[in-house]
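Have a look at the structure below, then the notes.
What follows is calculated from the coordinates using simple rules that are stated; it is not laboratory data. Computed from a prediction, not measured in an experiment: that's the story for all the values here. Every residue, glycine as well, gets a Cβ built from its backbone with ideal geometry; the counts of neighbours run over all protein chains shown.
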Amino acid sequence: MFGSRSPHYEKVAHSDTEAGEEAPRQLKKSFISRSTTYFNFGFFVVNTIIFVTTLWANGRKGANWALKQTNYDTPLLDQFTFKMTDVKQNASLFNDPFTIYKADPSPEVDAAWDAIADTPVLVFSKEDIVRIGKDPEYTTSVPEEFGYGTDKYFGVMDGQHLIHCLDELRRFAHYDYYYREKWGDMSNIPPMHAAHRSHCIGVLLNALKCQPSLNIVTWTWMEDQPEPFPDFNAWRKCQNTDELFEWIDKRQVSRQSIKDWDWKRPEGQKEIPLLPQLKEEEGKGGEKHADLGVAHNHGQGHTHDS
Ligand SMILES: *[C@@H]1O[C@H](CO)[C@@H](O)[C@H](O)[C@H]1NC(C)=O
């Protein structure tokens, strides 16, 4: 931006004949041009320092910084240190290599899913509720008797609720094992369970579409197979999810307290209107409430199906 005053274009007096009257003006000019050069150089150095420092700082911010770019504001990103690891996923057509989560239902499979599809309840401050985009006046607060003080609110990590939903759909996929004895044909399932099923399909699609995996699956030639065979084993950058779940587990609100608490609406509590579908269900003498709230936590395992 100081190009027009560049010293290249300065005519500098260097002989006696050119000296004289011209001298003071030339001196002044070269003084200005020298100052400009120093200023330009200083400006360049400062810019370089800022640029390098920013690169260095961004590099150091690591996974938490990256995740902040791809998540709505969440207190978890200030509280837990995320790590990213390159992982090649096992996505074979058959359950080989064996993963318990893909196996046919059994008490062991249920135990594995109960552990991973858990939705531990956490406590958040009023500021946290505001920053995650919720209205504290419409958010269920933690009763003071729980010992967290005042102006505290319940919350569950969305990702854990999504895994819970996948487990719900898994149970419907193994309908005979989980439900047939109780309800007979699938068309007989109670409306609230049908609602839960469609709710789960919806939230999983929302999440997968909101942030789809951009990693690529390919095809390969398999011995004896007439056509290319898909290779779904994609590389992904995986978060330290097991550590995160452990961290959440340690901070969760006592399940027993939630289970035993005699839930009462606080005085003057702001409410949302009753869902028309729930009203209709109640009218028919159906289930009083959707089993989707903090009552998720039944202690040992999920009992939606019992
Ligand atoms: C895939 O399976 C192999 C063999 O059992 C195992 O060593 C590896 O850890 C598995 N990878 C993942 C991401 O689970």
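Legend: P(r) of segment 71-285 from all alpha carbon pair distances, 5 Å bins from 0, whole percents, reading 1, 5, 9, 12, 17, 17, 14, 11, 8, 4, 2, 1, 1, 0, 0. With R₀ fixed at 45 Å, the C-beta to C-beta distance from ASP249 to PHE44 puts the FRET efficiency at about 0.30. At an R0 of 45 angstrom, the distance between the Cβ atoms of SER125 and SER92 translates into a FRET efficiency of 0.50. Residues whose amide H falls under 5 Å from that of ASP231, counting only those 5 or more places apart or on a different chain, are THR218, TRP219, THR220, with hydrogens built in the peptide plane. Label-to-label distance for ASP158 and ARG265 is 2.8 nm, based on points extended 7 Å past Cα in the beta-carbon direction. In order along segment 157-169, the Karplus-derived 3J(HN,Hα) couplings, from 6.51 cos²θ - 1.76 cosθ + 1.60 at θ = phi - 60°, round to 5, 3, x, 6, 5, 5, 5, 4, 5, 4, 5, 4, 5 Hz, and Gly and Pro are given as x.
Determine the alpha carbon to alpha carbon distance for each of LYS209/LYS250; LYS83/LYS259; LYS134/LYS264; LYS68/LYS270; LYS88/LYS134 and list only those over 26 Å. Violating the 26 Å Cα-Cα cut-off are LYS209/LYS250; LYS83/LYS259; LYS68/LYS270; LYS88/LYS134. If one computes the Cα centroid of segment 150-192 and of segment 100-114, what distance in Å separates the two points? Each part's Cα centre sits 15 Å from the other's. Legend: calculated FRET efficiency, LEU278 to THR37, from the Cβ-Cβ distance at R0 = 45 Å, rounded to 0.05, equals 0.05.
For CYS238, the residues whose amide H sits under 5 Å from its own are THR85, ASP86, VAL87, ignoring neighbours fewer than 5 places away on the same chain, with H placed 1.01 Å from N.
For segment 222-270, GluC sites (Glu not before Pro) meeting the loop criterion (DSSP other than H, G, I, E, B) and having at most 16 other Cβ atoms within 10 Å: GLU223, GLU267. What the pair-distance distribution of segment 133-247 shows, using all Cα-Cα distances binned every 5 Å from zero, is 2, 8, 10, 11, 14, 14, 14, 13, 7, 2, 1, 1, 1, 0 percent. Each Lys or Arg adds one and each Asp or Glu takes one away; over the other residues whose Cβ falls under 15 Å from the Cβ of ASN215, this sums to +1.
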